[in-house]
Amino acid sequence: MPDTPTQPLPQPPALGEAERLARAQAFAAQLSRRRTVRDYAPTPVPREVIEACLRAGASAPSGANQQPWHFVAIADADMKRRIREAAETEERDFYERRAPDEWLAALAPLGTDADKPFLEIAPWLIAVFYERTGPEADGRKAKRYYPHESTGIAPGHAHAHAQPDGLPQRPAGPAAPRGALPAAGGGPPRARLPRAGD
Ligand SMILES: Cc1cc2nc3c(=O)[nH]c(=O)nc-3n(C[C@H](O)[C@H](O)[C@H](O)COP(=O)(O)O)c2cc1C
């Protein structure tokens, strides 16, 4: 074994088979109630609730435990407006020029278009970045392993946490806000949310 400090996992609760099954079914039922929401009320959500959801995201597994993700939580009205403008510019280009007919046909039943008013109405926007390389403790740039997969799982954990807390959400693929944050003067910060036990 490597010379890395370890800590014992807490003992899992001793469950009978019926209880184990009931818990598994309850969790599946809870997750199956999650839905993508495309219309929001501007009801404020405390920052601590968002942080708890992101901590759930940061608890995800990652290739070589490199945690190659950055979450940026945005509540500032001016920044949300600039993100909406940049995203709508990008989306108009997508819907009117870049999108192949096949992709538009796949989207048609969802009724999505280039207008994104919810980007200003929702109390929080969470931008998720992945990194291909990242700084090591000694300042070297090191390659990240499975950054896409790891950064796909992390928001899933955050989503799973958010929905039971009654927070509606809408994931967006990279096509939506590509370039929006840099254009709006943002970008991933270098801070990490520690995982429990880290
Ligand atoms: C990677 C990814 C990208 C998505 N991109 C968009 C998007 O750009 N716009 C949108 O309205 N929904 C987007 N969605 C939401 C899907 O349309 C939605 O998950 C799907 O229709 C199933 O609906 P449900 O989430 O309510 O179960 C995206 C979902 C994922 C996982």
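Read-outs: derived from the displayed coordinates by stated rules, not from any lab. Quick caveat: nothing in here was measured; it's all calculated off a predicted structure. Because the Cβ atoms are built from the backbone with ideal geometry, glycine has one as well, and the counts that use them run over all protein chains shown.
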> Taking Cα pairs under 8 Å and at least six residues apart, what relative contact order does region 82-151 come out at, in percent?
Replying inline: 26
> Just going by the charge dipole of region 42-183, with Lys and Arg at +1 and Asp and Glu at -1 on Cβ, which of 108, 72, 122 is farthest out on the positive end?
Replying inline: 72
> Exposure proxy check: 132, 92 ranked by fewest other beta carbons within 10 Å?
Replying inline: 132, 92
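Kindly provide the Kirkwood hydrodynamic radius of region 19-70 in Å, to one decimal, from all pairs of distinct alpha carbon atoms.
Evaluated on region 19-70, it is 14.3 Å.
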> Hey, quick one: spin label on residue 47, modelled 7 Å out along Cα-Cβ, who in region 55-89 has an amide N within reach, i.e. under 17 Å?
Replying inline: 55, 71-80
> Taking the Cα-to-Cβ direction at residue 136 and at residue 39 and moving 7 Å from each Cα, how far apart do the two end points lie in nm?
Replying inline: 5.3
> By the gyration tensor of its Cα atoms, with a ≥ b ≥ c the square roots of the eigenvalues, what is the shape of region 59-126: rounded for a/c under 1.5, prolate for a/b over b/c, or oblate?
Replying inline: oblate
>> Which of 128, 37, 45 has the fewest other C-beta atoms within 10 Å, and how do the rest follow up to the most?
In response: 37, 45, 128
> Going by how many other Cβ atoms sit within 10 Å of their own, how do 140, 23 line up, fewest first?
Replying inline: 140, 23
> Going out from 0 in 5 Å bins, what whole percent of all Cα-Cα distances in region 42-183 drops into each bin?
Replying inline: 2, 9, 16, 17, 18, 18, 12, 5, 1, 0, 0
> For the pair residue 73 and residue 3, what calculated FRET efficiency results from E = 1/(1 + (r/R0)^6), where r is the Cβ-Cβ distance and R0 = 41 Å, to the nearest 0.05?
Replying inline: 0.65
> Modelled label-to-label distance, residue 31 and residue 11, 7 Å Cα→beta-carbon offset: nm?
Replying inline: 2.8
